[in-house]
DNA sequence: CTGAATCCTTTGGGATACTG
DNA sequence: CAGTATCCCAAAGGATTCAG
């Protein structure tokens, strides 16, 4: 049910996108909004991992390799506040916290997967085009 | 043909994504790479417009409303250097330049459209979750 | 173990002015 | 018309340190 306030509806048939933006009257676009959330440096990877199974904080910290505790925490909090990830605290000693995808988060993986497939299929082509001399 | 050098292949069936990242040996991920290109402030809108028909520079400038000549130029150049957009110069007086999607650019609209549909269908839900007290 | 706080650098992006 | 050049600001993100 793609009823929304953003101008034109999407059409998979002719490969158009819903009109996303302030082409006159709208200040923000939910599509760009979602795109920007998902496209920061670590979100995609975290969603990928959490799509497989729940993880604890330090498990993620080890799995991602390169992420700082600060960014891991920040990214997870954002995902949580967007309803894509659930955070469950076990009051053990030492404390343990588990993160898992919400149903909403799981539902996002499907369209994201389509885009990921495209990227995998075409990134060599893009890389080639980028390198050609001017 | 999702043959690539990035670990695990995608699976629409179980909604997993290809392993995107330096979980050990890879420094960059084509998926995140593509996501970041597409998710800057103006790219999605420009791709949307160009998905409908070719545009001239100032046509885009008027259509987008809010974009500066600088960002319009920069964004178009990036899209061009990634092989998503073609730029054709007509040596008229005054000069005229037309931008249109390449076949690669067109092919990107389909998976992007899937993600856009998801965003349209769920942005209200996300907005609601965000606002709930703590 | 699971973070929060602080500081710093890099990048994205807006405003304005100018040119072939 | 189709841009480029400059300057400036705000946001993203890394490094390091500290805490419950």
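How many nanometers, to one decimal and shortest first, lie between the label point of residue A:33 and those of its other copies, if labels sit 7 Å from Cα toward Cβ?
List, nearest first: 3.1 nm.
Copy-to-copy spacing for residue A:62, label 7 Å out on the Cα-to-C-beta vector, in nm, shortest first?
6.1
Using the count of nearby Cβ atoms within 10 Å as a rough guide to exposure, how do A:89, B:64, A:34 rank from fewest to most?
Ranked by crowding around the Cβ, least crowded first: A:89, B:64, A:34.
Would you calculate the separation in nanometres between label points at residue B:59 and residue A:71, each defined as 7 Å from the Cα along the Cα-to-beta-carbon direction?
Here the answer is 4.0 nm between the modelled labels.
Exposure proxy check: A:90, B:57 ranked by fewest other beta carbons within 10 Å?
Least to most surrounded, the residues fall as A:90, B:57.
Just which residue of chain A brings its Cβ nearest the axis of rotation onto chain B, and by how many angstrom, rounded whole?
A:39, 2
Using the 7 Å Cα-to-Cβ label point, sort the distances from residue B:77 to its equivalents in the other copies shortest first and give them in nm to one decimal.
3.7
For the range B:35-63 and the range B:70-112, what is the centre-to-centre distance using only Cα atoms, to the nearest Å?
Their Cα centres are 8 Å away from one another.
Can you put B:93, A:109 in order, fewest other beta carbons within 10 Å first?
The order, fewest Cβ neighbours first, is B:93, A:109.
Ranked highest first by average number of other Cβ atoms within 10 Å, how do B:44-54, A:122-132 line up?
Those peptides, ordered most packed to least, come out B:44-54, A:122-132.
Return the average number of partner chain Cβ atoms within 10 angstrom of each residue Cβ along peptide A:124-131.
If you average over the peptide's residues, the count of other-chain Cβ atoms is 4.
Readers should treat all values here as calculations from the given coordinates under stated rules, not as data from a laboratory. Note that the coordinates shown come from a computational prediction; the quantities given were computed from them, not determined experimentally. When we count neighbours, we look across all protein chains shown, and the Cβ atoms used for this are built from the backbone with ideal geometry, even at glycine.
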